[in-house]
Each structure stands twice: as C-alpha cells, then as structure tokens.
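Q: Sharing a structure, written as structure tokens. Questions coming.
The values are calculated or read from the model by the stated rules, or taken from the named source; none is laboratory data. These numbers were taken from a predicted model, which means no experiment stands behind them. In this analysis, Cβ positions are derived from the backbone assuming ideal geometry, glycine residues included, and neighbour counts consider all displayed protein chains. Just the protein is used for accessible areas: all its heavy atoms, side chains included, with ligands, DNA and RNA removed. Shrake-Rupley method; radii C 1.70, N 1.55, O 1.52, S 1.80 Å.
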Amino acid sequence: MADTTSDTPAAPAVDRARASELGAVGRFLKATELDTRMLGMVGALLIIWIGLHVISSMRLGVNPLDFDSRTFLTPRNLWNLSVQTSAVAIMASGMVLVIVMRNIDLSVGSAEGVIGMVMGFAQVHFLVRFVGLELGNPWIWVLALLIGLALGLLIGAFQGFIIAYLDVPAFIVTLGGLLVWRGAAWWVTSGQTVAPMDATFQLMGGGPAGSIGAKWSWIVGIVACLAVVFMHFNDRVQRKRFRFPLRPIWAETLLAAVTCAIIMGAVWLANSYPWPVGIVNRYAAANNITIPEGGLFIAHGIAIPVLMAVAVGLIMTFVTKRTRFGRYVFAIGGNPEAANLAGINTRWITMKVFMIMGVLATIAAAISSARQNSSTNVLGTLDELLVIAAAVIGGTSLAGGSGTVLGAMLGALLMQSLQSGMVLLGVDSPLQSIVVGAVLVIAVWLDTMYRKRV
C-alpha cells in the first residue's frame with residue numbers, strides 16, 4: 001500500500017527550526033546570499049588599510065584622525081593605489097580562468113614586458129622611421145596598441161597550443177615563456193629604454209590628464225548606480241520567471257544601497273584629490289584663468305586606467321557567468337574527463353583561455369608603460385607573482401573548478417595595498433618580496449583548510 005503521508009504541513013515548522021538554528025548572522029547571510037569568503041577578504045582589506053594608516057601616522061608622529069597627506073588613508077594615496085592596482089587586476093581577471101582550468105601561467109609578467117617594449121618601439125621608432133608617420137599623428141597610439149594586441153594574442157595562442165595540443169604541462173610551458181619573453185624584451189632594443197610614449201597613449205597611465213575630472217566622475221557614478229538597480233530588478237524578474245528562490249525585498253534594497261554607497265564614495269574620494277599646484281598654475285596661465293587667493297582646486301576624478309580595469313572586470317564577469325564558454329571553462333576545471341566525454345572541445349577552450357590571457361597582458365602592458373611614459377626591459381618583473389597571488393587570495397582554487405573575477409580583483413587590491421603600504425613605511429624591497437611570498441603561501445593554506453571543511 002502506498003504511503004499517503006504528506007510532508008507539506010511540517011515543512012514550515014522545519015524551516016523555522018532551521019532558521020532559529022542559524023542565528024541572526026546566519027539568517028542575514030542566507031537572505032542576502034553574500035559569499036562569506038568575499039566578506040572575509042573585504043574585512044582583511046579594511047584591517048590592512050587601518051593598520052597601515054595607524055602605523056604610518058605613528059611613524060610620522062601625527063594623529064591618525066588628522067589624515068596627514070603622507071599617511072595611508074588619504075585621497076592622494078588611495079587614488080594612486082587604484083591606478084597601481086589596475087594592471088595587476090586586469091591580468092588577475094584572466095588568471096582566474098587559467099587556474100580554474102587547473103593550469104597556471106608563470107609568463108604573464110614577462111609577456112607584459114615584451115609586449116610593452118614592442119609597443120614602445122613601435123611608437124618611438126618603427127611607425128615614425130619606417131612607416132613614415134609624423135610624431136603626434138593620431139594613428140600612432142592606435143597602431144601601436146593594435147600591434148601589441150596582435151602580439152599578445154599570438155603569445156597566448158602559441159603557449160596555449162603547446163599546452164592543449166602537444167600535452168606539455170602548463171607549468172613547464174609558461175616557465176619557459178617567463179625566460180623566453182623576458183629575454184625577448186631585452187633583445188628588442190638591446191636593453192635600451194624607449195621613451196617618450198605618444199601623448200594620447202600616455203592617457204592610459206592616469207595622472208591629471210589621464211583622468212576624467214569631477215563632473216564626468218559623478219556622471220559615471222550615477223550611471224553605475226542606475227545599472228546596479230537595474231541588475232537587481234532584472235535578476236529578481238528572471239528568478240520569478242524560472243521559479244528560483246527570491247531574496248527578501250529588504251535584502252535586495254540593502255545590497256543595492258550598499259553597492260551604490262560604495263560607488264559614490266569612491267567617486268567622492270577620486271574627486272577629493274586635486275591636481276598638483278604646479279600643473280594647476282600652468283593650466284590657469286594657458287587658459288587665462290585667475291587663481292583665487294586660496295588656490296584653484298581642480299579634481300583628478302576617476303583615472304582612465306581604473307575605468308579600463310572596471311570595464312575588463314565587467315566583461316570578464318559576463319564571460320564567466322553568462323556565456324557558454326564560461327560554463328565550459330568551469331566544467332573543465334571541475335572534471336576534465338567528464339567535460340571531454342560530454343562533447344566539450346577541451347583543447348580549443350584551453351587555447352582560447354591562454355589567448356585571452358595574452359590580450360589582457362597587452363592591456364596591462366599599455367597601462368604600465370603609459371604610466372611610466374617609457375618601455376623598459378624590466379617592465380612587468382615579478383608581476384606573475386602578484387597576479388597569481390591576487391587570484392588565489394580572491395578565492396580561486398588551485399584545485400580548479402571555482403573562482404570569481406571580482407574576488408581576484410579584490411585580491412589584486414589587497415596585494416597592491418600591502419606593497420604600497422610597505423613602500424610608504426620605507427620597507428626594503430627584499431622584505432617586500434618576503435611578505436608577498438608569505439601571503440601567497442598563507443592564502444593557499446587557507447584555501448586548503450576551507451575546502452577540507454566544505
């Protein structure tokens with residue numbers, strides 16, 4: 001005889017019992033669907049920022065609440081920190097895909113170096129002397145960037161082909177690439193520094209000219225907040241459509257409000273950092289502007305490299321979460337054999353991931369060389385360490401199958417915060433490397449402990 005007992009009447013009671021066991025914090029996390037690992041990383045970042053600010057204040061003998069211009073938590077330092085993080089964050093977003101597929105890329109720093117050197121050589125020598133373009137021609141920076149993108153794509157395709165189709169381990173291929181591309185960067189100009197970069201190309205490096213100013217920064221912030229509200233609304237509509245569980249209205253509202261507050265706070269911070277006095281005076285003289293008695297305040301606003309990093313982060317997040325390619329990448333990382341049996345072309349997907357990594361290395365090279373206004377054969381040295389550390393600290397598992405672009409970019413910010421803070425405190429370069437290496441080992445250990453608990 002069939003059992004006709006129904007579990008439905010008891011279900012609400014069971015849910016209430018489980019909710020009471022979770023506690024207030026557990027119920028909050030369940031309602032908002034926040035990633036506890038991400039919250040932990042944000043908490044660690046805040047602790048590092050506050051700690052560095054207090055230590056730098058004590059070192060200078062000033063009150064931490066005075067926010068002296070030479071301490072850590074100031075608009076000037078945080079603005080510079082955002083620019084310094086951009087290149088590493090861009091490459092870290094691609095490293096997520098590489099590590100998710102259980103591979104590694106040790107050559108990104110060297111690839112960044114040789115691509116940056118080639119783009120610099122193209123601007124200063126090749127396009128001027130051999131192609132015949134005049135200095136200042138608006139096509140110089142465009143052609144140089146296209147040459148860099150083509151080279152990055154070829155480097156990624158070459159390494160990806162060897163890994164995917166010749167079955168050589170990624171560790172060996174990219175370790176060889178680390179040495180080959182670093183040597184190639186020296187070979188392009190026999191170790192000579194190439195400078196200066198094209199004036200338009202330099203805008204990708206930030207600075208007063210490489211920022212969008214206060215007005216456009218507020219416009220970007222408002223548009224971003226409207227996009228956040230729309231995404232929450234659209235996500236709720238899609239969940240209703242497919243009958244997925246819905247967040248409570250208060251949770252949706254809170255998440256949207258906090259995200260918008262962070263965006264507008266970042267805009268306010270960028271607009272609180274003024275141009276240097278010398279540049280302001282030259283700008284005022286060139287435009288016949290009378291400088292008032294208290295001085296002329298012109299805000300930097302959001303830096304162009306930061307906007308580039310945000311754009312790359314959004315595109316890579318869309319690729320990983322909303323495209324078939326992204327789903328295939330995570331499927332291969334979770335179980336390569338099952339993905340292959342399911343009909344996924346694992347070799348071609350692997351090759352495409354390394355091609356994407358090459359393109360992102362080109363963007364990072366453009367930002368780094370534009371920021372320095374030169375291309376040197378040491379460009380990108382040890383960036384592979386920072387990029388891998390950023391991805392791992394951001395929650396990308398070396399075992400493959402899991403990771404987020406947002407987490408990797410936050411990891412890049414955390415790593416760069418440590419480096420910037422140590423420079424501010426006058427820590428020697430060897431000790432900085434020791435700290436970065438130790439943080440990477442601790443991050444992997446924490447990931448291992450987390451996986452064992454789960």
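Q: Name every residue in segment 125-143 that is modelled with pLDDT of 90 or more, among the β-branched types (Val, Ile, Thr) and in contact with an Asp or Glu (Cβ under 9 Å, 6 or more places away or on another chain), in order of residue number.
A: Selection gives 140 alone.
Q: Only one residue in 167, 198 is on the phi > 0 side of the Ramachandran plot and outside any helix (DSSP H, G or I). Which one?
A: 167
Q: With a cut-off of at least 3 residues that are touching a residue at least 12 places away in the same chain (Cβ under 8 Å), name the helices (runs of 4 or more DSSP H) lying wholly within segment 322-382.
A: Per the criteria, 324-334, 346-372.
Q: Residue pairs, Cβ under 9 Å, 6 or more apart or interchain, first in segment 216-239 and at positive phi and in contact (Cβ under 8 Å) with a residue 60 or more places away in the chain, second open to solvent by less than 70 Å² (accessible area, probe 1.4 Å) and of a type outside the set (Val, Ile, Thr). List them.
A: none
Q: Can I ask one more? Among the residues of segment 132-150, are any within 23 Å of the chain's Cα centre (by Cα) and not aliphatic (A, V, I, L, M)?
A: yes
Q: Quick one: which of 237, 223 is modelled with pLDDT under 95 and either part of a helix (DSSP H, G or I) or not β-branched (Val, Ile, Thr) (or both)?
A: The conditions single out 237.
Q: Return the residues of segment 278-304 that are farther than 19 Å from residue 215 by Cβ, out of contact with any Leu (no Cβ under 9 Å at 6 or more places or on another chain), open to solvent by 50 Å² or more (accessible area, probe 1.4 Å) and in a helix (DSSP H, G or I); say none if nothing qualifies.
A: Result: 282, 285, 286.
Q: I need the full set of residues from segment 158-171 which are open to solvent by less than 40 Å² (accessible area, probe 1.4 Å) and either touching a residue at least 24 places away in the same chain (Cβ under 8 Å) or hydroxyl-bearing (Ser, Thr, Tyr) (or both), in order please.
A: 159, 160, 163, 164, 170
Q: With in a helix (DSSP H, G or I), touching a Leu at 6+ places or on another chain (Cβ under 7 Å) and at pLDDT 90 or above as the only criterion, which of 269, 307, 314 stands out?
A: Selected residue: 269, the only one of 269, 307, 314 that is in a helix (DSSP H, G or I), touching a Leu at 6+ places or on another chain (Cβ under 7 Å) and at pLDDT 90 or above.
Q: Applying the selection to segment 52-82, what residues are in a helix (DSSP H, G or I) and open to solvent by 30 Å² or more (accessible area, probe 1.4 Å)?
A: Across segment 52-82, the qualifying residues are 54, 55, 58, 59, 60, 64, 65, 66, 75, 76, 80, 82.
Q: Does any residue of segment 172-195 turn out to be open to solvent by less than 60 Å² (accessible area, probe 1.4 Å), assigned to a strand (DSSP E or B) and modelled with pLDDT under 95?
A: Taking every residue of segment 172-195 in turn, at least one turns out to be open to solvent by less than 60 Å² (accessible area, probe 1.4 Å), assigned to a strand (DSSP E or B) and modelled with pLDDT under 95.
Q: Just a yes or no: is a residue in segment 321-343 on the phi > 0 side of the Ramachandran plot and touching a helix residue (DSSP H, G or I) at 6+ places or on another chain (Cβ under 9 Å)?
A: No: zero hits.
Q: Every residue in segment 313-331 that is open to solvent by less than 40 Å² (accessible area, probe 1.4 Å) and over 12 Å from the mean Cα position of the chain (by Cα), please.
A: Passing the criteria: 319, 320, 323, 325, 326, 329.
Q: Please give the number of the condition residue 210 fails out of (1) open to solvent by 40 Å² or more (accessible area, probe 1.4 Å); (2) on the phi < 0 side of the Ramachandran plot.
A: Evaluating residue 210 over (1) open to solvent by 40 Å² or more (accessible area, probe 1.4 Å); (2) on the phi < 0 side of the Ramachandran plot leaves (1) as the failure.
Q: Looking at 382, 425, which one is open to solvent by 40 Å² or more (accessible area, probe 1.4 Å) and at pLDDT below 90?
A: 382
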